[in-house]
Structure formats: structure tokens, C-alpha cells
Amino acid sequence: MSGQEFCDRVVACVRHATPEEKADIRRELEGHMEDHAAVLTEAGYTGEEAEERAAAAMGSPEEIGVALNRAYPLGWLVLSRVSLIITVLLCATLLFTWPLLGNVLSGLQARVAPQTSSFASRGQYALEQEVDIRAEVGDNILRIYKVGLDPSADGETGSVGLFYCNYGKNLFGYATHGLDLKYQTSAVTQRDGHFFGSGGGNSGAYYAVVEQLPVSRSDETLAVIYDRYGEYVRIEVPLPWEDAS
């Protein structure tokens with residue numbers, strides 16, 4: 001009986017082991033027989049004779065296989081396979097739910113601390129004031145969280161930067177990208193109040209900043225207007241002129 005045949009018969013009796021464990025058993029048996037065959041070869045036996053005698057010296061392959069099988073109870077095999085299946089399912093679930101989780105976290109961040117988002121603009125103004133102004137706009141909540149003001153040298157005019165975000169009313173809802181907003185001050189006389197800014201975000205929250213909105217000292221507030229699909233919303237945002245005094 002060759003060494004390969006011996007190993008095949010042993011492994012065939014180890015029914016409760018995994019394929020990896022059976023491969024380990026085979027390598028262990030082959031190692032023992034190779035060591036024994038090397039000694040016999042030095043004693044003058046041919047390679048084939050040495051292999052057969054080494055296999056015979058190991059004993060009955062069936063008895064060895066049955067004994068090894070007891071070391072691998074069926075329950076352990078079942079448990080290992082169930083664990084593998086659960087691990088695969090968890091990985092698959094995480095893979096498909098990760099984008100949704102990211103959107104939920106973005107929506108939560110917009111509700112709690114929008115200025116900390118990586119999507120929030122880092123624009124700098126001479127005068128800045130954090131605010132928390134929220135209003136329902138369509139299926140979204142519009143939140144204005146910062147106002148920036150660069151006053152002119154004489155303090156009579158200036159330009160405003162408006163920092164805002166919007167997110168779904170429902171935490172698991174979707175944010176509209178690019179709300180159609182208008183802005184109104186005494187100095188806004190062109191473009192029908194439309195000023196285009198920059199923004200970014202994901203399905204959980206969208207961030208934008210509109211800059212270079214002209215204002216005069218008489219403007220105590222900046223009006224933000226949403227007038228679409230039969231819905232009209234007007235928000236008055238206070239300007240930080242007092243900080244320029």
C-alpha cells in the first residue's frame with residue numbers, strides 16, 4: 001500500500017472534520033511516513049519498498065481514521081459551518097446597509113452639529129454669527145446655521161455669506177440637492193433675487209453656501225424665500241451689523 005493510498009483511507013474515515021482540517025491530517029501523516037521511509041532507504045530498501053513498509057508500520061488506516069474522527073465531533077463541525085454562514089451574512093448585510101447608515105448619520109449630524117460636517121463650507125468672513133434657524137421646505141427641513149458679513153470700509157454696505165443645509169423630515173428620508181431659493185434685501189435689485197452658490201452632500205443631508213449677497217446698513221435681516229410648487233416660505237435671517245460697530 002502506497003503512502004497516498006494510506007492517507008486517502010485515513011482521511012475517508014474522518015467525516016466530521018472540515019476540508020482544511022483533513023488537509024492538516026494528511027500533511028501530518030505524510031510527514032511521519034516520509035521520515036520513516038528515509039530511515040529505511042538508508043538501510044538499503046528501494047524508494048517504493050521503503051514507502052510501503054513505512055505505511056504498513058503506521059497500522060490500520062481505518063482504525064486511525066475512526067480514532068481521529070472522534071476528535072472532531074459533529075456538533076463542532078456544524079457550529080463552525082453555522083458561524084461561517086453567519087459571518088458571510090453579516091458581511092453582506094453590512095455591505096448593502098453601509099450607504100444607508102452613512103446617509104442616516106449625515107442627517108443626524110445636520111440636525112445636531114452641521115458646522116462639523118466635511119461637506120460644510122469653511123468660508124471666512126470678517127464678521128460671523130452662528131444661528132439656528134429652521135423651516136419646513138417641501139419634504140425637507142432647511143437649516144441656516146451661520147451668517148457671514150464683510151462690511152465695507154465705511155460700514156454702510158457689505159456682502160453676506162449664508163451657510164445652510166437641508167435634510168429630510170424623516171431621519172431615513174432623502175435630502176433634496178439644491179433647493180431653489182431666492183434672497184431679498186434692499187440692495188438686491190438684479191437677477192430677481194437668484195444667487196447661485198456651491199454645495200455638496202449625500203442623500204442624508206445637503207450643504208450649501210451662497211456668497212456675495214449685497215446688503216446695506218439699513219438691512220437688519222436677509223430674507224430667504226422659497227416659492228415653488230404652490231408652497232411659499234419666507235425666513236428672516238438677522239445680520240451681525242452690531243459686531244461692526
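The values are calculated or read from the model by the stated rules, or taken from the named source; none is laboratory data. Because the structure is a prediction, the values reported are computed rather than measured. Reconstructed Cβ throughout: ideal geometry from the backbone, glycine too, with neighbour counts over all protein chains shown.
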Next item on the list: Output the number of the condition that Gln129 fails; it satisfies all remaining conditions of (1) under 24 Å from Phe172 (Cβ atoms); (2) at pLDDT 85 or above; (3) not in a loop (DSSP other than H, G, I, E, B).
Entry: (1)
Next item on the list: Could you run through region 158-200 and say how many residues are in contact with a Pro (Cβ under 8 Å, 6 or more places away or on another chain), at pLDDT 85 or above and either in a loop (DSSP other than H, G, I, E, B) or small (Gly, Ala, Ser) (or both)?
Entry: 2
Next item on the list: Could you list all residues from region 212-245 that are of a type in the set (Val, Ile, Thr), touching a residue at least 60 places away in the same chain (Cβ under 8 Å) and surrounded by fewer than 17 Cβ atoms within 10 Å (Cβ to Cβ)?
Entry: Val233
Check: Which residue, of Arg111, Arg81, Arg26, Arg53, is at pLDDT below 70 and among the basic types (Lys, Arg)?
Finding: Arg81
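Give me the residue from region 49-65 that is free of Cβ contacts under 8 Å to residues at least 12 places away in the same chain and outside any loop (DSSP other than H, G, I, E, B) and, out of that set, surrounded by the fewest Cβ atoms within 10 Å (Cβ to Cβ).
The qualifying residue surrounded by the fewest Cβ atoms within 10 Å (Cβ to Cβ) is Glu63.
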Next item on the list: Please determine, by comparing only the residues of region 1-48 that are farther than 20 Å from Leu68 by Cα and of a type in the set (Val, Ile, Thr), which one is surrounded by the most Cβ atoms within 10 Å (Cβ to Cβ).
Entry: Thr41
Note to self: Tally up the residues in region 208-222 that are touching an Asp or Glu at 6+ places or on another chain (Cβ under 6 Å) and in a strand (DSSP E or B), please.
What the structure shows: 1
Check: Name the pairs: first residue in region 110-131 and over 24 Å from Thr176 (Cβ atoms), second residue part of a helix (DSSP H, G or I), Cβ to Cβ under 7 Å, at least 6 apart or on different chains?
Finding: Leu127/Asp243; Leu127/Ala244
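Residue by residue, here is whether (1) surrounded by fewer than 15 Cβ atoms within 10 Å (Cβ to Cβ); (2) in contact with an Asp or Glu (Cβ under 9 Å, 6 or more places away or on another chain) holds:
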{"site": "Gly107", "(1), (2)": "no, no"}
{"site": "Ser118", "(1), (2)": "yes, no"}
{"site": "Ala126", "(1), (2)": "yes, yes"}
{"site": "Asp132", "(1), (2)": "yes, no"}
{"site": "Val137", "(1), (2)": "no, yes"}
{"site": "Asp150", "(1), (2)": "no, no"}
{"site": "Glu156", "(1), (2)": "yes, no"}
{"site": "Asn166", "(1), (2)": "no, no"}
